Amino acid sequence: MTPSTVAPAARSGTFLLGGDLPVHRLGFGAMRLTGRGIWGEPRDRPEAIAVLRRALELGINLIDTADSYGPEVSERLIAEALYPYPPELVIATKGGFERPGPDQWKTNGRPAHLRAACEGSLRRLRLERIDLYQLHRIDPAVPVEDQVGTLKRLEEEGKIRHVGLSEVTVAELERVRQLIRVVSVQNRYNLADRHSEAVLDYCEGAELAFLPWFPLATGQLAQPGGVVGRIAKRLGATPAQVALAWLLRRSPVMLPIPGTASVAHLEENVGAARLELSDGDFAELSRAGDA
């Protein structure tokens, strides 16, 4: 395959998720396809469907969603747009939240809820098995053993292929790994927010995938005269592309999943896969983010 025929997202590199699922490192997060407040149907349904289909055309083969996005709306849109799925597509979803209303999130890790959530995701996504099922949050009101035990039973029943976690500390990750095999972590992480640095380093050492959510945040770094804007201008790129390129270079286990409800914005984000930061640019961005 010549460079000109390589799918744009493939230029981000490949990661073997769970040791058996090859995915391009630049994926797509489907949260923003829903209505305002991550609630209800999208404002522009045809555009949302077009975004999902264009994502596959661009070479994206990892789509991340959750039953709580909408709720249920994001999963239904994915099935409507993409089913029957190409064999190389990995759909990751999550369970563990209830949604009382727009912008409202209530943790629920009770075994009955997690089982119902997983089985509901299977129906909406039209899948017999979910490749990556992630515990959206560890519920402090429910014993961890009960939450993880439910996922383990779903895995044994063939409804889940791999298990991931979201928003965990290193200590929590180590505890869960004593109970079940974990293949990924999804924590908030971006150029301007490095609070999960220790978790990322742990994942790299253990060869676990790290899916940074809210990956495009650059804060004041993207302000006029800021380091992100300056580097973007020199490279003929956008600040968002620079932020994604930095994430991709930061660690080989990093799988950014930027989301959008716009085809144009999707194409812009995927353009980050072709961006090559120099050693100097990478170091300057890293120092600026640490400041």
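The values are calculated or read from the model by the stated rules, or taken from the named source; none is laboratory data. Fair warning: this is a prediction, and the values are worked out from it, not measured in the lab. Glycine gets a Cβ as well: all are built from the backbone with ideal geometry, and neighbour counts include every protein chain shown. Just the protein is used for accessible areas: all its heavy atoms, side chains included, with ligands, DNA and RNA removed. Shrake-Rupley method; radii C 1.70, N 1.55, O 1.52, S 1.80 Å.
Tell me which residues, restricted to segment 98-126, are of a type in the set (D, E, K, R) and under 14 Å from Gln147 (Cβ atoms).
Arg110, Arg115
Please list, ordered by residue number, the helices (runs of 4 or more DSSP H) wholly in segment 185-291 having 1 or more residues that are of a type outside the set (Phe, Trp, Tyr) and in contact with a Ser or Thr (Cβ under 8 Å, 6 or more places away or on another chain).
Correct list: 197-206, 227-235, 239-250, 263-270.
If you go through segment 107-152, how many residues are open to solvent by 30 Å² or more (accessible area, probe 1.4 Å), in a helix (DSSP H, G or I) and in contact (Cβ under 8 Å) with a residue 24 or more places away in the chain?
7
Out of Ala192, Ala206, I need the residue that is among the aliphatic types (A, V, I, L, M), without any contact (Cβ under 8 Å) to a residue 40 or more places away in the chain and open to solvent by 10 Å² or more (accessible area, probe 1.4 Å). Which one?
Checking each option against the conditions leaves just Ala206.
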